[in-house]
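Structure, as structure tokens:
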Amino acid sequence: MDLDSMRIEWKKRWPVFAVMAVAAVLFFVNPSEHGFFPQCLFHRFTGWNCPGCGATRAAHELLRGHWAAAFHDNALFLVLLCVVAWLGVRKCLQPERIIIVQPGALWVLLAVTVSFGVVRNLPGFEWLSP
């Protein structure tokens with residue numbers, strides 16, 4: 001294998017290695033106990049939970065097999081992760097098929113994300129907050 005083909009292989013696979021490295025850090029380091037993870041600026045300045053608040057803790061709990069705790073930390077993250085996994089499986093089963101995200105689907109995703117961010121801060125829906 002020559003140097004150019006090794007560069008091409010690395011360019012194809014570096015995202016996999018990056019995801020594996022982040023997953024390893026999240027598996028071994030609890031975000032609730034260590035302060036080097038990024039803090040949510042929206043939560044810091046407003047006191048409200050944004051749609052992404054708790055996603056790092058949810059990923060940590062999910063990697064450890066604690067599904068209920070992951071759902072409690074960020075339910076939207078868990079649902080979107082399942083959707084991404086489903087799209088990935090579809091792509092693996094039909095590699096020739098190009099997955100195109102329709103603009104309408106992006107608007108739906110935006111509406112769901114904003115709605116989740118609003119609802120999780122309403123009284124009575126504290127169970128959606130981390």
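Charged side chains reduced to their Cβ positions (Lys and Arg at +1, Asp and Glu at -1) give the chain a dipole of some 200 debye around its Cα centre.
Based on Cα contacts under 8 Å between residues 6+ apart, region 19-130 shows a relative contact order of 27 percent.
Taking THR56, THR113, THR46 as the candidate residues, the one with maximal mean-square fluctuation in a Gaussian network model of the chain, Cα springs under 10 Å, is THR46. Per residue, the convex hull spanned by the alpha carbons of the chain comes to 173 Å³. Taking the charge dipole of the chain about its Cα centre, with +1 at Lys and Arg Cβ atoms and -1 at Asp and Glu Cβ atoms, the residue from PHE125, GLN102, GLY88 reaching farthest to the positive side is GLN102. Taking every full run of DSSP H in the chain, the ones that stretch at least 18 Å from end to end by Cα along their long axis and average 0.0 or higher on the Kyte-Doolittle scale are 3-28, 75-93, 103-119. Counting only DSSP H runs of at least 4 residues, each contributing -39500 (n - 2.57), and dividing by the residue count of the chain, the helix-based mean residue ellipticity at 222 nm comes to -21000 deg cm²/dmol. Dipole size of region 40-100 about its Cα centre, with +1 on Lys/Arg Cβ and -1 on Asp/Glu Cβ: approximately 80 debye, rounded to the nearest 20. Considering all C-alpha pairs of region 33-96, those separated by over 16 Å amount to 56%.
Read-outs: derived from the displayed coordinates by stated rules, not from any lab. No experiment lies behind these values; they were computed from the predicted model shown. Don't worry about glycine lacking a Cβ; one is built from the backbone with ideal geometry, like all the others, and counts go over all protein chains shown.
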